[in-house]
Amino acid sequence: MARFPKLTSLTLKGKPPPFRSNYYIYVRPDLVDYDCSVQPWIETVVSSGVKNFEELRLKRMLSLVLIICQTSGAASCLDPLVSNCRSLRELDFQKTFFQGLFCLPESCITLVSLNLSCFSGRVLNVESLERLMARCPNIKSLRLNGSITADKLRRILVKAPQLVDLGMGYLIGTGPLLDICNALYGALGKCTSIRSLSLGIIDLGSHLLPAVYPICHNLTSLKLSPCLISADFNRLIRRCIKLECLWVQGTFITDEELCVLDSTCKELQELRIIDSPVRRNLHITEQGLVALSAGCPKLKKLNYICNEISNEALITVAENCPNLVSFTLHNSWECIGKRVEDVMAMQPLDEGFGAIVRLCKGLKRLRLCGRLTDQVFLYIGKYAKHLEVLTVNLIKVTTLGPRNRTFLDFQVPHFAGDSEKGILYVLNGCKKLKELDIRNSSFGNATLLEDVRKYEWMQCLYIENCQMNFGPCKQLAHEMPSLNVEIIRKKTMRPPGNNTVIINPGDNDKINKMYLYRTLVVPRKDAPDYVLTL
């Protein structure tokens with residue numbers, strides 16, 4: 001703060017991102033013991049004398065005590081920040097753990113954006129939020145994620161008809177459904193400026209969903225959590241003719257719903273389909289992907305889940321959507337029920353992904369899955385000159401165990417390339433690459449240590465289930481002190497007493513998981529004990 005006295009915006013990221021923090025979880029999520037308290041940062045902002053501070057964004061912070069009692073005049077750890085930073089415009093809390101009740105002091109009147117997506121219903125003080133909406137007439141973005149009743153949401157909307165971005169959270173209906181729906185319908189009907197809407201789980205969704213119809217025709221962004229059945233999804237999408245961005249998570253989707261989407265949303269530029277490990281509600285195939293690409297040629301970002309896909313389908317997508325900048329393809333629950341021999345006989349998807357990187361000139365993010373050889377990495381290094389993020393998925397074959405009661409996982413060898421040359425094609429050809437996540441590959445010691453300077457222009461490298469040893473990792477850390485090299489060691493629970501046992505690797509031991517990233521400061525000291533920083 002002393003180095004940047006004119007600072008107006010600060011983003012704090014605590015725990016590693018979700019896709020990376022999973023690498024640290026072996027037994028229970030609560031064993032991830034990162035100390036990511038925001039309190040010292042807030043004290044530093046206040047004591048530094050920064051007067052023009054406007055934005056504070058907290059992401060994946062683990063401990064933030066906001067208020068210790070329920071009275072509106074109670075002290076909060078945010079009081080000094082708001083009192084000293086008179087121009088505070090944005091508060092963004094994402095995946096942050098809170099204790100107490102959310103409450104901002106009465107002096108807070110300048111907010112234009114408030115993200116409470118990490119709050120649970122018992123933490124969110126709706127009455128305090130109503131007062132905040134009333135005294136902040138310029139607030140444009142409000143995101144909720146607590147169990148909030150439809151009536152309370154209506155009361156909040158009445159205070160903020162100027163909203164442009166609304167996250168409705170998990171909407172619950174209490175009382176007569178017709179009265180609730182009519183009241184919410186009226187409140188949303190007055191919010192004519194809303195262009196972005198996020199819907200969480202809707203209790204009795206078929207009855208409450210019509211309440212959002214008044215704003216559908218103006219929506220450009222829609223995010224759906226597990227809340228809708230097929231008929232509800234179709235009725236909602238047919239009203240969103242201006243939609244440019246759609247996120248679908250856990251909602252029952254088939255190729256039929258995708259046909260409704262491509263026939264209605266001709267302006268669609270981003271589609272993210274995310275399945276739920278519990279619900280398994282996706283029944284989409286490559287036919288749906290091909291139809292979508294034909295009906296929505298303006299697509300720029302596509303996140304799709306499909307159990308089986310062919311080179312022909314991928315080539316068609318590349319030809320129909322040459323403006324793609326992000327293409328993420330997931331396997332649907334890996335290869336459940338298939339034999340290893342069947343999976344190894346699958347056709348490599350080299351030509352399909354090769355068409356994606358060759359025809360989509362501006363591609364920046366790519367996630368590969370399926371069977372691959374070195375040829376696809378040659379295509380990537382040759383054509384994907386703007387690629388910034390590359391993920392090569394770990395493929396596992398899940399088969400039924402004895403008596404068809406258990407699942408056994410087999411990692412298919414060399415499923416992501418034939419040799420170490422494949423990754424070298426990428427590292428030598430993609431000069432703008434920032435993040436590389438690769439698993440179940442032939443990536444080995446020689447590749448790791450070849451031209452180590454290339455890691456300086458990358459943000460991070462994650463390697464899992466490859467051919468590396470502990471000694472070369474130590475050598476890399478010694479040669480490149482500007483990099484943090486973290487080894488995620490094996491962790492087991494030994495009964496009785498569930499005592500944790502951490503196995504320290506030797507120089508010749510194979511490393512299962514390594515995480516490498518740039519750093520401008522000393523290695524973080526709050527990592528779990530099973531993360532070894534070299």
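Only one residue in I487, I503 is modelled with pLDDT under 90, on the phi < 0 side of the Ramachandran plot and surrounded by 20 or more Cβ atoms within 10 Å (Cβ to Cβ), so which one is that?
Numbers: I503 fails: surrounded by 20 or more Cβ atoms within 10 Å (Cβ to Cβ).
Selected residue: I487, the only one of I487, I503 that is modelled with pLDDT under 90, on the phi < 0 side of the Ramachandran plot and surrounded by 20 or more Cβ atoms within 10 Å (Cβ to Cβ).
For segment 279-302, which positions are open to solvent by 20 Å² or more (accessible area, probe 1.4 Å) and not aliphatic (A, V, I, L, M)? If you could, list the steps in order and put the result at the bottom.
Of the residues in segment 279-302, the ones open to solvent by 20 Å² or more (accessible area, probe 1.4 Å) are 279-283, 285-287, 290-291, 294, 297-298, 300-301.
If the condition is that a residue be open to solvent by 20 Å² or more (accessible area, probe 1.4 Å) and not aliphatic (A, V, I, L, M), then R279, R280, N281, H283, T285, E286, Q287, P297, K298, K300, K301 are the ones that fit.
Within segment 184-209, take every residue that is of a type in the set (V, I, T) and either modelled with pLDDT under 90 or open to solvent by less than 20 Å² (accessible area, probe 1.4 Å) (or both) and give me the one that is nearest to P161 (Cα to Cα). Walk me through how you get there before you give the answer.
Here is the first cut: in segment 184-209, the residues of a type in the set (V, I, T) are 192, 194, 201-202.
Narrowing further to those that are either modelled with pLDDT under 90 or open to solvent by less than 20 Å² (accessible area, probe 1.4 Å) (or both): 194, 201-202.
Details: I194: 9, I201: 23, I202: 22 Å.
Going through the qualifying residues, I end up with I194.
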Legend entry - N445 being at pLDDT 85 or above, open to solvent by less than 80 Å² (accessible area, probe 1.4 Å) and within 29 Å of K364 (Cβ to Cβ): no
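Is it the case that some residue within segment 145-152 is among the small types (G, A, S), open to solvent by 50 Å² or more (accessible area, probe 1.4 Å) and either under 25 Å from C216 (Cα atoms) or modelled with pLDDT under 70 (or both)? Quick ask: steps written out before the conclusion?
Of segment 145-152, the ones among the small types (G, A, S) are 146-147, 150.
Those still in the list that are open to solvent by 50 Å² or more (accessible area, probe 1.4 Å) too: 147.
The next check asks that each one be either under 25 Å from C216 (Cα atoms) or modelled with pLDDT under 70 (or both); those that pass are 147.
Yes.
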Legend entry - Filter result (modelled with pLDDT of 55 or more and part of a helix (DSSP H, G or I)) within segment 331-372: D350, E351, G352, F353, G354, A355, I356, V357, R358, L359
Inset, instruction - Mind listing just one residue for me: the one in segment 237-273 that is in a loop (DSSP other than H, G, I, E, B) and among the basic types (K, R) and, of those, most open to solvent (accessible area, probe 1.4 Å)? - result: R238
Inset, instruction - Would you check which residues across segment 153-183 are under 20 Å from K223 (Cβ atoms), out of contact with any Leu (no Cβ under 8 Å at 6 or more places or on another chain), of a type in the set (V, I, T) and at pLDDT below 90 and list them? - result: I172
Legend entry - Of the criteria (1) crowded, with 18+ Cβ neighbours inside 10 Å; (2) of a type in the set (S, T, N, Q); (3) modelled with pLDDT of 85 or more, which one S225 fails: (3)
Inset, instruction - Output the residue which, of all residues in segment 448-479 that are within 13 Å of I511 (Cβ to Cβ), out of contact with any Phe, Trp or Tyr (no Cβ under 9 Å at 6 or more places or on another chain) and of a type in the set (A, V, I, L, M), is surrounded by the most Cβ atoms within 10 Å (Cβ to Cβ). - result: L448
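The values are calculated or read from the model by the stated rules, or taken from the named source; none is laboratory data. The structure displayed is predicted, hence computed values, not measured ones. As a convention, Cβ positions derive from the backbone with ideal geometry for all residues, glycine included, and neighbour counts pool all protein chains shown. Each accessible area value is taken on the protein alone, full model and side chains, heavy atoms only, with ligands, DNA and RNA left out. Shrake-Rupley method; radii C 1.70, N 1.55, O 1.52, S 1.80 Å.
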